Amino acid sequence: MGRKETIRRQSPPPPTHQGINNAHPTPPPLPVKDPNNGRKGLLLKNGSATTGNNCASTTPMDLWDSIFDGGYRADVTIEADNGGIIYAHANVLGMASPVLRGMLKEAKGYGQKKSISIHGVHQDAVRVFIRFLYSSCYENEEMKEFVVPLLVLSHAYNVPQLKRVCEQQFEHGLLNLENVVDIFQLSLLCNAPRLTLISHRMILRNFRAVVATEGWRTMRNSHPGLEKELLESVIEEENNQKEKIRKSKERKIYLELFEAMEALVHICRDGCRTIGPHDKDFTRDQAPCKYRACKGLEMLVRHFAGCKLRVPGGCIHCKRMWQLLELHSRLCADSKACRVPLCRNLKEKIKKQSKKDEIKWKLLVKKILGTKRIGASVSFIASSNSISS
Ligand SMILES: [Zn+2]
Ligand SMILES: [Zn+2]
Ligand SMILES: [Zn+2]
């Protein structure tokens, strides 16, 4: 770390306070900011972060930074850990943080000068925090190093903009498998719901790796209740995943049935390759078949026509064919014009079905139609043009 960095971190005391700071040598006045050595991570007022340097050295942000760095007419001293002293301005602190405003109201001091203390975090973190209150700026390296205490400070002193910055920093790189359990707990303590969500998601997705970390072991000892909750959420997530897979498989089955229904009407109405209605002329050139289910269905129809066990509950292939025929009949909008075998007969049979069967089939029909998100009456079901084919 260069000399310049050190100088910047130690804000010089205002002239009237030189006596207080006897223990620390008074640093020389700050040099004029070298534009090639400026802030790396500027958070602009509109919230967008930039990297690199801004050549305009007199932006309002720079001015606020200089006011902080120079301590010009500072009227507050902030005592930090290890004897760190930071000079600041009561009106800036009070505007940026309602908590600091309250502290300043209560604070003791000589005349207009006030003194408050911020302990429990590294003094450099306090300095980065106070600087942020002035200019909403930070250096990337400092943010990386102090993001945890900054999150804590942003919560304790009610500075939501800084909390958002910290959350973004975690979201875009600082959160990892090693710290995720700690950060998850911290996000709960600091009421940072987005960070809670992101870290929780990371834990769920990397559970095996996370459970082996030091962070998890520490949490197990200090917050067994939280560990239990996390384990429950992991189980819930696993179940959700299983349910997702089950639903996807189920949808695939319904989609296949839907396609089989399309292909059945197509075969019985138009004919396909070598199979079709008895009045179909197969010598003419046929357009290539567009139905995926056609081939399998063709074989099933052939089997059905020749099988000796052609009774309901017979061989599995015939049983399948009966199911498809019955399903078609339930979906068919115009049985009178339909050329699918047994369509009308099955429609008659359906009228006499039990309430239980009716519910079961209606549910199946609904699910099949749901796969394509279509209404009850679809073009493939209606066979009004079948007579002409
Ligand atoms: Zn076909
Ligand atoms: Zn059979
Ligand atoms: Zn029909």
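The numbers here are math on the coordinates, done by the rules we state, and not lab data. All figures in this text were calculated on a predicted structure; none of them were measured in a lab. Counting neighbours? That spans all protein chains shown, and the Cβs are built from the backbone with ideal geometry, glycine included.
Here is how the numbers come out for the structure above:
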| read-out | value |
| --- | --- |
| Residues of segment 110-138 with amide N under 15 Å of the 7 Å Cα→Cβ point at Arg73 | 112-113 |
| At most 15 other Cβ within 10 Å, DSSP loop - GluC sites (Glu not before Pro), segment 111-161 | none |
| Which of Arg164, Arg339, Arg269 has the fewest Cβ neighbours within 10 Å, and the rest in rising order | Arg164, Arg339, Arg269 |
| Sorted by Cβ neighbour density within 10 Å, fewest at the top, the residues His172, His266, His328 | His172, His266, His328 |
| Amide H within-cut-off set for Asp75, under 5 Å, with H built and near neighbours excluded | Ala88, His89, Ala90 |
| Nearest-0.05 FRET efficiency for Leu177 and Lys244, computed from C-beta distance (R0 22 Å) | 0.35 |
| Spin-label model distance (nm) - Asp334 vs Glu358, 7 Å beyond Cα toward Cβ | 2.7 |
| Those chymotrypsin sites (Phe, Trp or Tyr not before Pro) in segment 63-169 that DSSP places in a loop and that have at most 14 other beta carbons within 10 Å | Tyr72, Tyr110 |
| Whole-Hz couplings from phi, Karplus 6.51/-1.76/1.60, listed for segment 151-165; x for Gly and Pro | 4, 4, 5, 4, 6, 4, 9, 6, 10, x, 4, 5, 4, 4, 4 |
| Per-pair calculated FRET efficiency, R0 = 45 Å: His317 and Asn221 via Cβ, rounded to 0.05 | 0.15 |
